[in-house]
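K.L.:
Could you have a look at this structure, given as structure tokens, before my questions?
The values are calculated or read from the model by the stated rules, or taken from the named source; none is laboratory data. Since the structure is predicted, the reported quantities are computational estimates derived from the model, not experimental observations. We place every Cβ from the backbone using ideal geometry, glycine too, and count neighbours over all the protein chains shown. Quick note on the areas: whole protein, heavy atoms, side chains included, nothing else; ligands and nucleic acids left out. Shrake-Rupley method; radii C 1.70, N 1.55, O 1.52, S 1.80 Å.
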Amino acid sequence: MSQTDTDHCAALVRGLDRDRYVSDLYAPTDRRPALFALHAFNVEVSRVREAITNPLAGEVRLQWWSEALIGGARGDVRANPVAAALLDAVETYSLPRDAFFALLDARVFDLYDDAMPSVNDLEGYAGETSSALIRLATLVLSGSADRASAEAAGHAGVAYAVTGLLRAFPNHARRGQCYLPLDILKAHGLAREDAVSGRASPALRAALGDLGVLARKHYELALAALAEVDAANLPAFLPLALVPGDLDRLGRRADPFAPAEPVSPLGRFWRLWRASRKLRSAFRA
């Protein structure tokens, strides 16, 4: 993996995914390039909607990544520094390509304004995106393919992803996206239109509260599963440490459509460092 490609990936993650960037710095120096590549790839595919004018163009971009991973993309794939670094990481650590294909398939949902059908669908979406990233990171860090690591990654990814979706709720609502599951909305007498209307209501706040409860449940399940996981995998799970504090702050938001209170990069770093001490104790001794 070239230093130029690694530097490009690190800068991309540092600028657009600060939580994972700081977490990657906790990894041994020789493992960081692969983690930066993995998380830079995620930055690229998670932001496709922001760079396109229609969903079909987004599907073409996601398909390019699929073809790049199987060697079928046109042109010099390695001219793209993220693709070059990712392919090196996949080959060096024998990362399963199927996990990337599933992640890319899940990201197609981001391109459209369809509502998330159910809690089960939301958990599946988070599992194929956020949980998959954690699982792939554990393969880089320790080569762990054990059941405990997989279970912890599954729950941690859902907890972190759902918390992130709650934080991004105002932005998603403004552009007509609805990640709030329809079965939760229906339970509170709401429809998809209420989640993107910009009009706050007690029922909507209660629905978002249910989503917060879901995130906390998976957070607790992740902590329990970490008791059987090697502490070498800490950097992969470190963003999980931010979930309780983020949920507390989001729960105090009076208007769900108001932007979340900004946190400076330094403040985020401090919170992650402080929370990491508690998370570290959850791992197998």
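K.L.:
Among all residue pairs at least 6 apart or on different chains, which show Cβ distances below 6 Å where the first residue, located in the range 156-178, is under 14 Å from F109 (Cβ atoms) and touching a residue at least 24 places away in the same chain (Cβ under 8 Å) and the second is among the polar types (S, T, N, Q) and part of a helix (DSSP H, G or I)?
P.N.:
Once the first residue is under 14 Å from F109 (Cβ atoms) and touching a residue at least 24 places away in the same chain (Cβ under 8 Å) and sits in the range 156-178, its partners that are among the polar types (S, T, N, Q) and part of a helix (DSSP H, G or I) give A161/S130.
K.L.:
Identify the residue in the range 61-80 that is surrounded by 12 or more Cβ atoms within 10 Å (Cβ to Cβ) and more than 21 Å from the chain's Cα centre (by Cα) and, among all such residues, is farthest from H39 (Cα to Cα).
P.N.:
Checked the range 61-80; the qualifying residue farthest from H39 (Cα to Cα) is A73.
K.L.:
Which of (1) over 17 Å from the mean Cα position of the chain (by Cα); (2) among the hydrophobic types (A, V, I, L, M, F, W, C); (3) modelled with pLDDT of 95 or more; (4) in a helix (DSSP H, G or I) does L95 not meet, given it meets every other one?
P.N.:
(4) is the only condition that L95 fails.
K.L.:
Of the residues A137, A150, A145, A89, only one is in a helix (DSSP H, G or I), of a type in the set (G, A, S), open to solvent by 20 Å² or more (accessible area, probe 1.4 Å) and in contact with a helix residue (DSSP H, G or I) (Cβ under 8 Å, 6 or more places away or on another chain); which?
P.N.:
The conditions single out A150.
K.L.:
Follow-up. Consider G176 carefully, then state whether it is small (G, A, S), closer than 29 Å to A258 by Cα and modelled with pLDDT of 95 or more.
P.N.:
For G176, the condition - small (G, A, S), closer than 29 Å to A258 by Cα and modelled with pLDDT of 95 or more - is not met.
K.L.:
Taking the range 217-234 only, how many residues are in a helix (DSSP H, G or I) and either open to solvent by 30 Å² or more (accessible area, probe 1.4 Å) or closer than 20 Å to L35 by Cβ (or both)?
P.N.:
11
K.L.:
Filter the range 24-54 down to residues that are in a helix (DSSP H, G or I) and at pLDDT below 95 and give me whichever is nearest to A106 (Cα to Cα).
P.N.:
R49
K.L.:
Would you point out which residue out of F237, F257 is touching a residue at least 12 places away in the same chain (Cβ under 8 Å) and in a loop (DSSP other than H, G, I, E, B)?
P.N.:
Step by step, each of F237, F257 is checked, and only F257 is touching a residue at least 12 places away in the same chain (Cβ under 8 Å) and in a loop (DSSP other than H, G, I, E, B).
K.L.:
Continuing with the same structure: Considering P262, P202, which residue is free of Cβ contacts under 8 Å to residues at least 40 places away in the same chain and farther than 21 Å from V119 by Cα?
P.N.:
Sole residue among the options that is free of Cβ contacts under 8 Å to residues at least 40 places away in the same chain and farther than 21 Å from V119 by Cα: P262.
K.L.:
May I pose another question? Residues to consider are L208, L214, L250; find the one that is open to solvent by less than 60 Å² (accessible area, probe 1.4 Å), at pLDDT below 95, closer than 28 Å to Y112 by Cβ and in a helix (DSSP H, G or I).
P.N.:
L250
K.L.:
Out of all the residues in the range 186-199, which are in contact with a Phe, Trp or Tyr (Cβ under 9 Å, 6 or more places away or on another chain) and surrounded by 16 or more Cβ atoms within 10 Å (Cβ to Cβ)?
P.N.:
Matches in the range 186-199: A195 only.
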